[in-house]
Amino acid sequence: MKRVTSAIAAGALAVSWCSAAAFAQTELRMMWYNDGHEGEVMRGLLDRFEAENPDITVTLDVVPYKAILESLPVQLAAGQGPDIARVTDLGGLAEHYLDLTPYISDPAYWEASFGPFLNWLRPAGSDSSISGFMTQLTVTGPYVNRTLFEQAGVELPGDGATWSDWASAANEVAAALDIPIPMAWDRSGHRVSGPAIAMGAKMFDADGNPALVDDGLKAMASLLYDWHQDGTMSKELWGSVSGSTYLGANEDFANAQVVMYMSGSWQIPQFASTIGDAFDWWAVPAPCGPSACTGMPGGAALVAMADTEHPEQVGMLMDFLSSEASLAEFYGQTLFIPGHLGLAGGGVEFATDDPRARHALETFAGAVPTISPIAFDLQGYPNNRIMFNALISRLGEAIVGELDLDQAFERMTQDVEQQLAEKARGN
C-alpha cells in the first residue's frame with residue numbers, strides 16, 4: 001500500500017512538473033535599441049502580455065544602435081537572429097522578415113492603421129505582406145540651443161531660411177560666446193539626404209534607377225565639405241570614425257558645446273531627460289534649398305523574422321503590441337510621433353509638461369506635409385542603405401583629406417553600382 005501511495009505521489013509530481021514545463025514552454029527574443037527610455041516602456045507592455053499569456057515569455061535584448069546596423073544583418077544572414085527586432089534599415093532587411101498575415105487576428109486592421117508604412121517593410125515583388133509596424137515615425141531636422149542665441153543677441157533665422165543662413169547665424173553665436181562647435185550633424189547618409197534633396201538632388205533617374213550623384217547632391221556635399229574646412233563643423237567628430245560608421249553628436253549638443261545640431265525627432269525623449277530645462281533646446285523647421293524645405297522621413301519598425309520557430313506566438317505578441325491601446329500608451333510615454341494613422345490625428349496624450357518637448361513634437365509632426373516625394377521614395381527604396389553608406393563614407397574621406405570632392409563623387413557612383421551588382425548576383 002505504501003509503495004502504491006508513493007508511486008501515485010511520484011506520478012503526481014511528474015505530471016505537475018511536466019505541466020509547469022509546458023506552461024512556460026515558449027520563449028521569444030526581441031532585439032531592441034534605445035534612443036531614450038522607450039525600452040522601459042516596452043518592457044512594461046511585455047510584462048502585461050506575459051501576464052495575459054503565461055505560456056509565453058519575452059526576453060528583451062537591449063543592444064547599442066550600432067549592433068542593429070552592423071551585427072543584426074550578420075546574425076540574420078546566418079540564421080541566428082532574434083524572433084523580433086527593432087530596425088531602421090526598413091527595406092534593406094526585408095528578405096529576412098516573416099509575413100505575419102496568417103498569424104495575426106485582423107490583417108485589415110493592420111492595413112488601415114499602418115498602410116503607407118507597410119510598403120517600407122515589403123520585400124521586392126510583394127504588395128501585400130505584413131511584417132511589422134512603426135514604433136515611431138521620425139522626421140530629420142535641426143535643433144538649436146536657443147538660450148545661446150538669446151545670450152549672443154542673435155535672431156533665429158525665420159521661415160524660408162537656407163542652410164547657409166543657419167550656418168552664418170550659428171557661427172555668429174559661437175564666435176560671440178566662444179562655443180567650440182557652431183554646427184554638428186549626425187554622421188549619417190540618411191541625415192545628409194534630406195538637405196541634398198532640398199538642394200535639388202533627385203536620387204533616381206527617369207527610369208527609377210538609383211542615381212546618387214547629381215548637381216543637387218554635389219551642392220549639399222560641397223557645403224558640408226566647406227563647413228568642415230572653415231570650422232563651422234568639427235573635423236574631430238566625423239573624422240573620429242571611418243567608412244559608413246554612424247556617429248551622433250547628441251552628447252555634445254546636450255553639453256551645450258554645439259549651437260545647431262542636425263538630427264531628428266527621435267532625440268526628443270532623450271533631450272527631455274538629459275537636458276530638461278538646463279537650456280532651451282528648440283526644434284526648428286528644415287532649412288530650405290532651391291528645390292524644397294525638407295528632411296527625410298523614417299523611423300524604426302518592430303518586425304518579425306522569418307526564421308522564428310514560433311510564428312504563432314510571434315503573431316500573438318505583435319497583435320498585442322500593435323493594438324491602438326498599446327500604441328497610444330507607447331507613443332505617449334516615449335514622446336514619439338505616431339506611426340499609426342488612427343492615432344496620428346491627435347489620439348495620443350503625450351506624457352510631458354516640458355514646453356520644449358511639446359514644441360519639438362509639434363514642429364516635427366508639422367513638417368510631415370512638407371517632406372519631398374523624393375524623400376519618401378528614397379526611404380521606401382529597399383537598397384537605400386547602399387546609397388546612404390556610399391554617400392557618407394566617401395564624403396567622410398573627402399572631409400579628412402583622403403580624397404578630393406571629385407574623386408569622392410566618382411567613388412560614390414562606383415560604390416552604388418558595384419554593391420547593387422553584387423547584391424543582384426547574390427540573389
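Bear in mind these aren't lab numbers, they're just calculated from the coordinates by the rules spelled out. None of these values were measured; they are calculated from a predicted model. Methodologically, a virtual Cβ is constructed for each residue, glycine included, from the backbone with ideal geometry; neighbour enumeration extends over all protein chains shown.
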#### Entry: Size-normalised alpha-carbon gyration radius of the stretch 146-194, reference 2.2 N^0.38 Å
1.24
### Task
Take the stretch 137-225, compute every pairwise Cα distance, and split them into 5 Å bins from 0; I just need the percent in each bin.
3, 12, 21, 20, 17, 13, 7, 4, 2, 1, 0
### Summary
Both in Å, the radius of gyration and Dmax of the C-alpha trace of the stretch 63-208 are 21.0, 62
### Query
Under Stokes-Einstein, with the Kirkwood radius over Cα pairs standing in for Rh, what whole-number D in µm²/s applies to the stretch 180-236 at 37 °C and 0.692 mPa s?
271 µm²/s
### Task
Restricting to the chain, compute how many DSSP beta bridges are antiparallel as a %, nearest 5.
60 percent
### Summary
For the chain, the helices passing both cut-offs (Cα extent along own axis of 24 Å or more, Kyte-Doolittle mean at least 1.0, full DSSP H runs) are 2-23
## Note on the structure
the chain, Kirkwood Rh and Cα Rg, ratio Rg/Rh at 1.04
### Message
Just the number: Rg to Rh for the stretch 87-133, Cα atoms, Kirkwood Rh, two decimals.
### Response
0.93
#### Entry: Most mobile of Asn389, Asn209, Asn34 in a GNM of the chain (Cα contacts under 10 Å)
Asn209
### Task
Taking the dipole about the Cα centre of the stretch 355-424, with the C-beta of Lys and Arg at +1 and of Asp and Glu at -1, give me whichever of Ser393, Met412, Gln379 is farthest to the positive side.
Gln379
### All Cα pairs of the stretch 350-391, percent lying beyond 17 Å
54 percent
### Summary
Helix-only [θ] at 222 nm, the chain, -39500 (n - 2.57) per DSSP H run of 4+, per residue, nearest 500, equals -15500 deg cm²/dmol
### Query
For the stretch 317-364, what percent of Cα pairs sit more than 18 Å apart?
26 percent
### Message
Tell me the net charge near Ala176. Cut-off is 15 Å between Cβ atoms, Ala176 excluded, with +1 for each Lys or Arg and -1 for each Asp or Glu.
### Response
-3
### Task
Could you calculate the contour length gain from Thr147 to Asp165, that is, 0.36 nm times the residue separation minus the distance between their Cα atoms, to one decimal place in nm?
4.6 nm
### Task
At a Cα cut-off below 15 Å, give the aspartates and glutamates reachable from Lys202, other chains included and same-chain residues fewer than 8 away excluded.
Asp214, Asp215, Asp377
## Note on the structure
As a Kirkwood estimate from alpha-carbon pairs, the stretch 350-425 has a hydrodynamic radius in angstrom of 15.3 Å
### Query
Between Ala278 and Glu52, 0.36 nm times their residue separation minus their Cα-Cα distance comes to what?
77.2 nm
### Task
Take every Cα-Cα distance within the stretch 230-356, group them into 10 Å bins from 0 onward, and report for each bin the whole-number percent of pairs it holds.
10, 28, 33, 21, 8, 0
### Task
Could you tell me what % of all Cα pairs in the stretch 44-147 have separations over 24 Å?
37 percent
## Note on the structure
Proxy exposure order for His310, His96, His37 (fewest C-beta within 10 Å first) is His37, His310, His96
### Summary
Taking every C-alpha to C-alpha distance in the stretch 161-311 and binning by 10 Å from 0, the per-bin percentages run 10, 35, 34, 14, 6, 1, 0
#### Entry: Gain upon complete extension [Ser222, Glu402; 0.36 nm per residue less C-alpha separation]
63.3 nm
### Query
Expressed as a fraction of 2.2 N^0.38 Å, the rule-of-thumb size for a compact globular protein of N residues, what is the C-alpha radius of gyration of the stretch 271-427?
1.35
